[in-house]
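The values are calculated or read from the model by the stated rules, or taken from the named source; none is laboratory data. Everything numeric here is computed off the predicted structure, so don't read it as measured data. FYI the Cβ positions are ideal-geometry reconstructions off the backbone, even for glycines, and counts take in every protein chain you see. Keep in mind that these areas ignore ligands, DNA and RNA; they rest on the heavy atoms of the full protein, side chains included. Shrake-Rupley method; radii C 1.70, N 1.55, O 1.52, S 1.80 Å.
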Amino acid sequence: MKTNLWLSLLLASVLACACGKDDTRPPVTPTPPDPVDPVVPDSGTDAKWGLKDLAQACGMVIGAEYTYSEYTQDKQLQEVLKHDFDVVTFGNEMKHDNIVSGSGTISFSRPDQMVGWANDCGLKLCGHTLGWHSQQQTDYLQTLIDRAADADAAAAAIRDAHATFVDKMVEHFDVYAWDVVNEAFADDGMGSWRNSGNTEAKYHVFLWGNYFEGGTKGFADAAFRSAKEALARYGKKADLYINDYNLEWNPAKLESLCKYAEGNPDVTGVGSQMHCNTDLSVDAIRNMLMRMVKTGKKVRISELDVPQGSIPTNSQADLIVTIFDQYLKIVPEAQRGGITFWGVSDKNSWLGANKEPLLFDAAYRPKESYDKLYAYLLDRSGLDKE
Ligand code: G3I
């Protein structure tokens, strides 16, 4: 019982942190986009067009996140991914603690299985992630620190470990984009770089910035430099993204991220995770996208999910269509990095199945949100409606 309570509290605090529950901005009813003909597909994987065909015809890519266990256990997942999406992100399998063991050895075997299947299906991969404060192999990193003669040697060992990780990842995986630095800014409402003073010290948090000259900014600079150099070393090309959450609700964080991207030529893309909810206003979406476009970098929505907010009349379907509509209207085609949903079926959402934040229900049936997004994209694409 105590364990269950502890786990519930931990989950609640992780959700609160990642979803920015501290935000107190008043909810605003979203303005729906112009109405379109209600063309409803027969059913997801039986329909002539997949969402990806429609999105491509509109000049963008559409993606989804999934994990190894979903990939191995859910037959329908594979059908849906092939039919509706053209880019994918692995939810956990390319993170530091999944690639590096406690003793520091590197293994790609699990993501390689997923990459092999994705390649066979023609799905392109976004690499997630080269630098994050969560899901680090802290056993290994702590060993490096403990073994070092002094603080300078410990910092040098951590910097080497990160540069090595980036090098091996870029060498091994062929991706169209890398999430190079994730969530580097704090939730203090001032757009500060994340550091030990403004971040709760949870067991899974490892602040790389503690070991770099210049703190988290120094870490971000080094991460982008390492990624760019590794791409050149291995003759590869990929967009290099910095991304964060709550950019739609936290203008200071948005400003800090965009300014950083503008000042670092190694950054080629800015990403907004958009773990949002149906209370989000169209103005908030517009303001965020316009600022991101102003950076001149690629603009990507990297982890979209939309649970119900507090306004009962706002619908998930309308907000998802609004997000795509604003994205296509505001982001010029040359700057479009696409929109990726953080999951496929509600049953596997990191938020919990009861939040129902995705396009497909627990049985992988397309929901109303799928149908409305399909109708919107079909109308805009000009593709054959038969
Ligand atoms: O693998 C272990 C398993 O052995 C163990 O039995 C089980 C018990 O809870 O945990 C499993 O690990 C879980 C892992 O997902 C794989 O399922 C971790 O506890 C759990 O914390 C982890 O959650 C992931 C979360 O990142 C970690 O912070 C979610 O799947 C993943 O969707 C989520 O993704 C992040 C993005 O990478 C960055 N942006 C925010 C987003 C949501 O938090």
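Before moving on, here are some points about what is shown:
- Of all residues in segment 273-290, those satisfying the criterion of being buried (at least 18 other Cβ atoms within 10 Å of the Cβ) and not β-branched (Val, Ile, Thr) are Gln273, Met274, His275, Cys276, Asn277, Asp279, Leu280, Ser281, Ala284, Met288, Leu289.
- Among the residues of segment 328-386, the ones that are in contact (Cβ under 8 Å) with a residue 60 or more places away in the chain, part of a helix (DSSP H, G or I) and surrounded by fewer than 17 Cβ atoms within 10 Å (Cβ to Cβ) come to 1 in all.
- Scanning segment 296-315 for residues that are open to solvent by less than 20 Å² (accessible area, probe 1.4 Å) and either in a strand (DSSP E or B) or touching a helix residue (DSSP H, G or I) at 6+ places or on another chain (Cβ under 6 Å) (or both) gives Val299, Arg300, Ile301, Ser302, Glu303, Leu304, Asp305, Val306, Pro307.
- Taking the conditions (1) part of a loop (DSSP other than H, G, I, E, B); (2) of a type in the set (Ser, Thr, Tyr); (3) out of contact with any helix residue (DSSP H, G or I) (no Cβ under 8 Å at 6 or more places or on another chain) in turn, Tyr241 satisfies each one other than (1).
- Out of Ala149, Ala155, sole residue that is outside any strand (DSSP E or B), free of Cβ contacts under 8 Å to residues at least 40 places away in the same chain, over 17 Å from Thr105 (Cβ atoms) and not polar (S, T, N, Q): Ala149
- Contact map, segment 197-224: first residue among the acidic types (Asp, Glu), second residue at pLDDT below 95 and crowded, with 18+ Cβ neighbours inside 10 Å, Cβ cut-off under 9 Å, separation 6 or more or different chains; pairs are Glu200/Cys17.
- Residue within segment 203-223 that is hydrophobic (A, V, I, L, M, F, W, C) and open to solvent by 50 Å² or more (accessible area, probe 1.4 Å) present: no
- Count of segment 159-179 residues which are open to solvent by 10 Å² or more (accessible area, probe 1.4 Å), closer than 13 Å to Glu229 by Cβ and of a type in the set (A, V, I, L, M): 1
- Within segment 85-100, the set of residues being more than 13 Å from Gln137 (Cβ to Cβ), free of Cβ contacts under 8 Å to residues at least 40 places away in the same chain and of a type outside the set (A, V, I, L, M, F, W, C) comprises Asp86, Glu93.
- Segment 65-95, residues that are within 11 Å of the ligand (Cβ to nearest atom) and over 12 Å from Tyr364 (Cβ atoms): Glu65, Thr67, Tyr68, Ser69, Thr89, Phe90, Gly91, Asn92, Glu93, Met94, Lys95
- Of all the residues in segment 125-140, those that are touching a Gly at 6+ places or on another chain (Cβ under 9 Å) and within 11 Å of the ligand (Cβ to nearest atom) number 2.
- Verdict on Lys355 being of a type in the set (D, E, K, R) and closer than 19 Å to Asp53 by Cα: no
- So Ser315, is it within 17 Å of Asn246 (Cβ to Cβ) and either of a type in the set (S, T, N, Q) or free of Cβ contacts under 8 Å to residues at least 12 places away in the same chain (or both): no
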